[in-house]
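Q: What follows is a structure written as structure tokens; I'll ask about it next.
Read the figures in this text as sums done on the coordinates, not as results from a lab. The model shown is predicted, which means the values in this text are computed figures rather than measured ones. Here the Cβ positions follow ideal geometry from the backbone for every residue, glycine too, while neighbour counts run over all protein chains shown.
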Ligand SMILES: [Zn+2]
């Protein structure tokens, strides 16, 4: 198993801590003097430019949230003059303004570096053809993978999202070996390969690097079986840098966080207290080296836990569990916490259906209602009413017994559901609070 | 004697049946018989068409869930006793009928049935001199 930058990826923890502390001190000083918004926040908390003696002192610092980015739209939190910014990305907000991020030349170098680590840990190298089906543009997915792929010397195919027929043709003709896209789109492609009767032996795919949305172990199994590849989970968010924040190695046992660039903490999302190793909570990142948009204790809303200690691959970087879901995605239905990924997991265990669904949440007469629309799979459709009703009932029973809440299940025609080629839009929350 | 019937899963949504018929009509598919079984939320459209395989492909391309199911069909004078007779022959042999529908042309009725065992049903009906309809004849009606 290759390691792109063994010096940093396999560093002793004490030495790593020293580097983190030194770099954090520089970052905090820079932010204090260059970003008035942060300076005020720090002053309010009784902190100065030299208040950090050790990386652990970060817990004294105030959090940064998506709202802070919105309040300073578009460039208010940038820590360098605009003349130093060479790239701008933005993520569309479902509500209000987009979140804008800016990169200096050195940030782009850092990003390429962490993406080179990501791709190398997934098993890719200069002989690979990397098929980037993430969207290019304001979204960080496409260009992030692109720069990392070029850095390791692979042949990058910048297909971007959409146009599935062309994707398949290029994949076949060019001999793509590594597929990079969202896990939802990977499943979509797997189905398209079946539907178009493409012989899997004509494809050279061996690995997939999938991220940008939470996905379950069941979904991983399904993708690996259908595409005959190893499916690697990669993690990132544009506010921190984009993809490249963390990635699984080929052992698929947790995602290694690039700790020399991003400092992770796990907090209790309610009390905001830092939680000890092994406890599940909200992941918080402080960027250690970012110049354009450094962020202190940025609340990702992602729920996970951290495991320190050396991995069998040789890396010493802390590992985070595969995300269960964003705390933003978490639905509270009549007081019960529910992640769409849990529903997906249950559906994947049933062979009679494909995991294509949409959840509709509503509030009728002050009571939360949950409706699940599931597509009827042609392979199972046998034209008997009773059989379909039995299936519907079975799905409903499986969900209710596992999740402990009642769900109204409806069978729908295939492909009538939002089949996104980017992030999946599987929840439609119609509740008006 | 086995007839290939086209079955389509339909949500109870306005316009879906029209879409099916439009799509088949554009490709000059002839429909001999059509029936819909429905519940409050979904329905199953069953049709005897001139080219079941082609029809299936046409609908598949339009993202319908389609399947071809095997049914049998008999032609009787259009009086209830003949229909009753056929049902009795089958029930005497413990062959159950999953569903059935019928239509008449002039003095004759065409009865379509999906039985728990189509082969056995064909044999029994023949033995009782009931007139079985061939697929090729049916599409010419
Ligand atoms: Zn590892």
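Q: Specify the inter-centroid distance of the stretch A:338-352 and the stretch A:247-269, based on alpha-carbon positions, in whole Å.
A: Result: 26 Å between the Cα centres.
Q: Still on this structure: Determine, for A:406, A:401, B:7, the number of other Cβ atoms within 10 Å of each Cβ, and report the residues in order from fewest to most.
A: The fewest-first ordering by Cβ neighbours comes to A:401, A:406, B:7.
Q: Let me ask something else. Looking at chain A as a GNM with Cα springs under 10 Å, which of A:85, A:28, A:332 has the largest mean-square fluctuation?
A: Its mean-square fluctuation being the largest, the pick is A:332.
Q: OK, next. Can you say what percent of the DSSP beta bridges in the protein assembly as shown, counting only those with both residues inside, are antiparallel? Round to 5. Walk me through the numbers before you get to the answer.
A: Values: 78 of 101 bridges.
The antiparallel proportion sits near 75 percent.
Q: Next question, about the same structure. What nm distance separates the two modelled labels at residue A:7 and residue A:279, each placed 7 Å from Cα along Cα→Cβ?
A: Going from the residue A:7 label point to the residue A:279 one covers 3.7 nm.
Q: If the convex hull of the alpha-carbon atoms of the stretch A:6-328 is projected onto planes in all directions, what is the mean projected area in square nanometres?
A: 16.0 nm²
Q: Would you list B:120, A:179 from fewest to most Cβ contacts within 10 Å?
A: Listing B:120, A:179 from fewest to most nearby Cβ atoms yields B:120, A:179.
Q: Could I ask something else about it? Could you check the simple spin-label distance between residue A:224 and residue A:200, using points 7 Å along Cα→Cβ, in nm with one decimal?
A: My value for the distance between the label points is 1.3 nm.
Q: Further, regarding this structure: Please work out the C-alpha center-to-center distance from the stretch B:75-141 to the stretch B:7-70 and express it in whole Å.
A: Their Cα centres are 23 Å away from one another.
Q: Which residue, A:321, A:329, A:71, has the most motion in a Gaussian network model of chain A that connects Cα atoms within less than 10 Å?
A: Answer for the Gaussian network model of chain A: A:71.
Q: Provide a whole-number value for the mean count of partner chain Cβ atoms within 10 Å of the Cβ atoms in peptide B:15-23. Walk me through the intermediate numbers first.
A: Working: counts 0, 2, 0, 0, 0, 0, 0, 0, 0.
Per-residue shielding by partner chains comes out at 0.
Q: Using 0.36 nm times the number of residues separating residue B:39 and residue B:80, minus their current alpha carbon distance, what extension gain do you get?
A: 12.0 nm
Q: Which of B:106, B:25, B:43 moves the most in a Gaussian network model of chain B with Cα springs under 10 Å?
A: Judging by the Gaussian network model, the answer is B:106.
Q: Rounding to the nearest 10 and keeping the result within 0 to 90°, find how far the Cα-based axis of helix B:80-92 lies from the longest principal axis of chain B.
A: Roughly 80 degrees between the two axes.
Q: Please compute the modelled spin-label separation between residue A:430 and residue A:380, points set 7 Å along Cα→Cβ, answer in nm with one decimal.
A: Result: 2.5 nm between the two label points.
Q: Count, for each residue of B:88-94, the Cβ atoms from other chains sitting within 10 Å of its Cβ, then give me the mean as a whole number.
A: Mean number of neighbouring Cβ atoms from other chains: 0.
Q: While we're looking at this one, here's another question. Sorting A:354, B:88 on the 10 Å Cβ count, fewest up front, what's the list?
A: Listed from fewest to most nearby Cβ atoms, that is B:88, A:354.
Q: How crowded by other chains is A:377-386, given as the mean number of beta carbons from other chains within 10 Å of each beta carbon?
A: That average works out to 6.
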